[in-house]
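The values are calculated or read from the model by the stated rules, or taken from the named source; none is laboratory data. Source: prediction; values computed, not measured. For neighbour counting, all protein chains shown are included, and Cβ atoms are generated from backbone atoms with ideal geometry for every residue, glycine included. SASA here: full protein model, heavy atoms, side chains in, ligands and nucleic acids out. Shrake-Rupley method; radii C 1.70, N 1.55, O 1.52, S 1.80 Å.
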Amino acid sequence: MEFFSRIIDDRWSFKTANTKEYTHCYHTYPAMMIPQVARTLISEYKPEGQLNLLLDPYMGSGTSLVEASLKGIDSIGTDLNPLARMMGKVKTTHYSDVEIERTFRDIQSELVFYDDSKVSNRNFDRISNYTFWYSEDSLLKLSFLQQLIDTYCTDANKDFFLLALSEVVREVSFTRNGEFKRYRMNAKSLEKFNPDTFKLFETKVLRNINGLISYNKDATNNSVARIFSFNSTLGIPSDILEENAVDMIVTSPPYGDSHTTVAYGQFSRWALEWFGFDNAKDLDRKLMGGDKADNELFKTYSIRKELDYIKDADIKRYKEVIGFLNDYYLSMKNLSPIIRQGGRVCYVVGNRNVKGIQIPLDYFTAETFEKFGFKHDITIVREIPNKRMPGKTSPTNVAGALVPTMSNEYIVILHKE
Ligand SMILES: C[S@@+](CC[C@H](N)C(=O)[O-])C[C@H]1O[C@@H](n2cnc3c(N)ncnc32)[C@H](O)[C@@H]1O
């Protein structure tokens, strides 16, 4: 039964689109939104009347914020992951590319004469189990890069270089390539693994400089992106957002808890530890669905059948699922009053499988917002050809028992009545 109408629209797949334009190229992140989705939502589904303020309550790497700034729209983003906030900030900052290039030349000129005796900070205790994850050569070279960034950067442009280094600290570690979770490479891969730390860093900085140049050219400098760390599940700080302040939300929330779906914290842990950010170890538990729950805080008809099925099949999995859904529900409830009348919310969600059954999170999203004064406009179903996500998952956590998941994404669009 279709509770909220869906349309399948091939146009939204953006199969051949360049998803790394502008500052979108800066840093990978799990389950990134395709910039073209945010861009098209802003242009085709902007609310009637003004569009002065866009909010992304799960901003991740800041895709929506970058797209808002390209259109000269002010934005607010929040995320509990400090690395995501750093990405969002760096990606929406108009650094002087001339100054960045000058600083980069200074750093490069030192790299040529690298000698490990020049490395001043050789204490890696902040990085858990560092000898298990890094070679000595990588540790010293990474430390040297951080030293050069400290030496040559101004306070204003330091984060630009640290963000490039952030990708390198992950890529030169012994973690398995192409995975978000922390798995060490096997012995055979380790034998062949000999990353060129400096080359990787230089490649990333050059790529990011190109992104910055095109961003500076095309994004107006007269909009402001503000980044926060509030958790909309717990409430919205009134000093940041008053009732009716927001014209539009464009966001892609997690589609389940980090433990059984996408491990944002594990992915970010390398950089969080290197840079000494808070919550490096326990971030995943702090994100939506971090704790199991015994009772549903919501009433639902649109996913009732699925929840009952999971409850009968596996009570532990059910408690995990509702732990997430409770948080998600509270977040939507708290966000509803800060959207102005006529304002739009656009939620890009995934419908995950649990115990072999798909939970239609798009219905739950539409149902919940309708409860709080919104009217469903449409749900657009799009294929996700180039999103880094597992195409299959183990619904029972039994190795080998795989069912397809997340081949579609659902863009749920509502307006406030
Ligand atoms: C699907 S990702 C967003 C990706 C983003 N659209 C992008 O393009 O990079 C979901 C984000 O929600 C964040 N998150 C999870 N629970 C949160 C919470 N309670 N409050 C704020 N952010 C949260 C995660 O840290 C993650 O960055």
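Okay, here's what the table says:
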| item | result |
| --- | --- |
| Accessible-area value, I357, 1.4 Å probe, nucleic acids and ligands omitted, Å² | 40 Å² |
| By average C-beta atoms within 10 angstrom, highest first, the peptides 286-293, 82-89, 152-159 | 82-89, 286-293, 152-159 |
| Rounded to 5, the percent of DSSP beta bridges in the chain classed as antiparallel | 55 percent |
| Accessible carbon and sulfur surface of the chain relative to its total accessible area, %, 1.4 Å | 48 percent |
| Residues whose placed amide H lies under 5 Å from that of I378, excluding near-sequence neighbours | I413 |
| Within straight-line cross-link reach of K305, lysines at Cα separation under 28 Å, skipping those fewer than 8 residues along the same chain | K292, K316, K319, K333, K355, K371, K375, K392, K416 |
| Sequence-distant residues sharing a close amide H with I249 (under 5 Å, placed H) | L55, R344, V345, C346 |
| Heavy-atom accessible area per residue - the chain, 1.4 Å, Å² | 43 Å² |
| Ranked order, D97, D312, D137, D362 - accessible area, probe 1.4 Å, largest first | D312, D137, D97, D362 |
| Partner aspartates and glutamates for K299 [C-alpha distance under 19 Å; skip if fewer than 8 residues away on the same chain] | E2, D308, D312, E320, D327, D362, E367, E370 |
| By accessible area with a 1.4 Å probe, ligands and nucleic acids excluded, highest first: order of E296, E306, E417, E191 | E191, E417, E296, E306 |
